[in-house]
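Below is one structure, written out as structure tokens; comments come after it.
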Amino acid sequence: MDVDGATRLPRHIAIIMDGNGRWAQQRGLLRHSGHKAGVKTVRSSVEQSVKHGIAVLTLFAFSSENWKRPQKEVSLLMDLFMVALQREVKRLKKNNVRLRVIGDRSAFSEKLQQRIAAAEADTAEGSGLVLQIAANYGGRWDITQAVRSLATKVKTGQLEPEAIDESLISSELSFNDLPDPDLFIRTGGEQRISNFMLWQSAYTELYFTDAYWPDFDADAFDRAIAFYSHRQRRFGMTAEQVGSVEK
Ligand code: FPP
């Protein structure tokens, strides 16, 4: 589908949803109200992705570093995930969306882990958008667990060190069966990747906006897609080479 007359769409969009706390503070509300308002933007981003036929949408919901927040906020966030997982499954199924959670889920409560597994199983038949929620995820964690797995294979004699190349490392990372992100969006004004997908975003187009996550509505989402569609991705080649490839 065209956005602003553009034709090139990202296959995979990855988002750092930042600014919930400031959105709430600006309104004299508790930070948690910002996270609750953020759930609505999650919903609209999923709807926009479905509408445009995007293959993968990854949302950074909780980073490995977010445990350092006040205990009360962490626990309210966990409650919010529980409720959202339960409430949204029906809507996701209706939209043919498959939900998947990446990250070290072993740190979550048993109940939340069960809820995640149930939501994944419930939506497993979805053949449209893949909605990936990165929870207790960190780019360095992802690379570390891949390296550990390869080292174990070397130790047990299943793998020769010389056989380790980029594609083998990629194959040990989370979501190795999905395309790397084409477009990275961060709301909330900061211009950082903050330990998101470090390996997978080597060639990702970066889009930063000052809008707080709860304000990142459907039009704002479409503007980010329009930004992407006007970029020329060169993957290390010259503009002329890319031009001849694109024709
Ligand atoms: C960052 O804003 C946001 C988070 C750490 C949590 C994101 C969670 C949601 C949007 C809720 C629901 C998500 C799902 C997938 C159901 P911040 O608190 O860092 O904002 P600030 O920088 O303004 O303080």
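The values are calculated or read from the model by the stated rules, or taken from the named source; none is laboratory data. Bear in mind the structure is a predicted one, so any value in this text is a computation, not a measurement. In this analysis, Cβ positions are derived from the backbone assuming ideal geometry, glycine residues included, and neighbour counts consider all displayed protein chains. In case anyone asks, the SASA skips ligands and DNA or RNA and just uses the protein heavy atoms, side chains included. Shrake-Rupley method; radii C 1.70, N 1.55, O 1.52, S 1.80 Å.
Quick rundown of the values:
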item: Longest segment of the chain lacking GluC sites (Glu not before Pro) that sit in a DSSP loop with at most 15 other Cβ atoms within 10 Å; result: 1-124
item: Charge dipole of region 115-226 about the Cα centre (unit charges at C-beta), most positive-ward option of I143, T187, P214; result: I143
item: Computed helical MRE - 222 nm, the chain, DSSP H runs ≥ 4 contributing -39500 (n - 2.57), nearest 500; result: -14500 deg cm²/dmol
item: Charged-residue dipole, Cβ positions (Lys, Arg, Asp, Glu), region 119-247 about Cα centre, Debye nearest 20; result: 440 debye
item: Gain on full stretching of the segment that runs from R11 to A218 - 0.36 nm per residue minus C-alpha separation; result: 72.8 nm
item: Rh (Kirkwood; distinct C-alpha pairs) - region 122-247, Å; result: 17.5 Å
item: Whole-percent carbon and sulfur share, accessible surface of the chain, 1.4 Å; result: 50 percent
item: Projected label distance in nm at E162 and S109, using a 7 Å step from Cα toward the beta-carbon; result: 5.3 nm
item: Inter-centroid distance (Cα atoms) of region 179-194 relative to region 208-247, Å; result: 12 Å
item: Sites matching chymotrypsin sites (Phe, Trp or Tyr not before Pro) across region 177-247 that sit in DSSP coil, with at most 10 neighbouring C-beta atoms within 10 Å; result: F235
item: Net charge over other residues, Cβ less than 10 angstrom from the Cβ of K93 (K, R count +1; D, E count -1); result: +1
item: Above-threshold pairs, the threshold being 18 Å between Cα atoms, out of K40/K90; K51/K94; K36/K72; K40/K72; result: K40/K72
item: Estimated FRET transfer efficiency when R0 is 25 angstrom, pair V147-W67 (beta carbons, to 0.05); result: 0.65
item: Cβ-placed point charges (K, R +1; D, E -1), dipole of region 108-183 about Cα centre in debye, nearest 20; result: 460 debye
item: Descending semi-axes in Å of region 20-153, equivalent ellipsoid built from Cα gyration tensor; result: 24, 22, 14
item: Surface accessible to a 1.4 Å probe, V83 within the full protein complex, Å²; result: 60 Å²
item: Distance (nanometres) between label positions extended 7 Å along Cα→Cβ at K94 and E240; result: 5.5 nm
item: Cα-projected label distance for K155 with V74, points at 7 Å along beta-carbon direction, nm; result: 2.8 nm
